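Comments concern the structure below.
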Amino acid sequence: GENVGLHLPTLSVQEGDNSIINCAYSNSASDYFIWYKQESGKGPQFIIDIRSNMDKRQGQRVTVLLNKTVKHLSLQIAATQPGDSAVYFCAENNFGNEKLTFGTGTRLTIIP
Amino acid sequence: DAMVIQNPRYQVTQFGKPVTLSCSQTLNHNVMYWYQQKSSQAPKLLFHYYDKDFNNEADTPDNFQSRRPNTSFCFLDIRSPGLGDAAMYLCATSRDLRGLAVLAGYEQYFGPGTRLTVT
């Protein structure tokens, strides 16, 4: 399943399938990007980050892709599990600025 | 093991009755942040401390105040809570990156949040 951005804040994916969550960021000068996962009633949890001099970074079951030309960030989750159900936020940062700018979030629901 | 601790996890206060939320951290980070998060929305930054330097966001109401008595602790004071202040309040920390030879991003570490209910 694939989310096409801010107009589709909810994404449902069958367990075991791959999911793609998209984020359009606002500042072309941003140097650093983070994906956070937030489960119900909990604080955001760091998943993966990427610097602007990279276009792809992989973690365990997750991959972040960065397209600076169109200011687009995506999070790919492979072989989704029920525990992946959460709201996912992208956040951007400029080096030297200690503040993050958060995207609006996407709610991912894994269907058993 | 908890790195950013928030107390209490749930707080109920009455309309207009001052309330204080607390945050502590074991990471020895220089930067501490307070966010307000309402249902199905992104966290909204209220203010942050860089060491002892307080940085308020332009749209944070005067009703919200903060104190940071030392590196480990930071408090959020809501002087006269209104019904619209019911939300999750998140504390976060970040390490000091100023003066580093290599540019780096400010990854923020979040606490579990305090859910505030105003009756």
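The values are calculated or read from the model by the stated rules, or taken from the named source; none is laboratory data. If you're wondering where the values come from, they're calculated on a predicted model, not measured in any experiment. Backbone-built Cβ (ideal geometry, glycine too); neighbour counts: all protein chains shown. Keep in mind that these areas ignore ligands, DNA and RNA; they rest on the heavy atoms of the full protein, side chains included. Shrake-Rupley method; radii C 1.70, N 1.55, O 1.52, S 1.80 Å.
Summary of values
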{"read-out": "Residues (at pLDDT 95 or above and under 20 Å from A:Asn27 (Cβ atoms)) located in the stretch A:55-69", "value": "A:Asp55, A:Arg57, A:Val64, A:Leu65, A:Leu66, A:Asn67"}
{"read-out": "Every residue from the stretch A:34-63 that is more than 13 Å from the chain's Cα centre (by Cα), within 20 Å of A:Lys99 (Cβ to Cβ) and open to solvent by less than 60 Å² (accessible area, probe 1.4 Å)", "value": "A:Gly43, A:Ser52"}
{"read-out": "Among (1) open to solvent by 60 Å² or more (accessible area, probe 1.4 Å); (2) away from every other protein chain (no Cβ under 11 Å); (3) not polar (S, T, N, Q) - the single one A:Pro9 does not satisfy", "value": "(2)"}
{"read-out": "Residue check, A:Ser85 within 23 Å of B:Ser40 (Cα to Cα) and either modelled with pLDDT under 95 or under 11 Å from the mean Cα position of the chain (by Cα) (or both)", "value": "no"}
{"read-out": "Test: residue in the stretch A:64-71 that is more than 27 Å from B:Lys38 (Cα to Cα), among the β-branched types (Val, Ile, Thr) and open to solvent by less than 50 Å² (accessible area, probe 1.4 Å)", "value": "no"}
{"read-out": "Number of positions in the stretch B:39-55 that are open to solvent by 80 Å² or more (accessible area, probe 1.4 Å) and not small (Gly, Ala, Ser)", "value": "4"}
{"read-out": "Subset of the stretch A:77-112 [among the aliphatic types (A, V, I, L, M), more than 14 Å from chain B (Cβ to nearest Cβ) and surrounded by 17 or more Cβ atoms within 10 Å (Cβ to Cβ)]", "value": "A:Ile77, A:Ile110"}
{"read-out": "So B:Leu97, is it open to solvent by less than 60 Å² (accessible area, probe 1.4 Å), away from chain A (no Cβ under 11 Å), more than 15 Å from the chain's Cα centre (by Cα) and under 23 Å from A:Phe33 (Cα atoms)", "value": "no"}
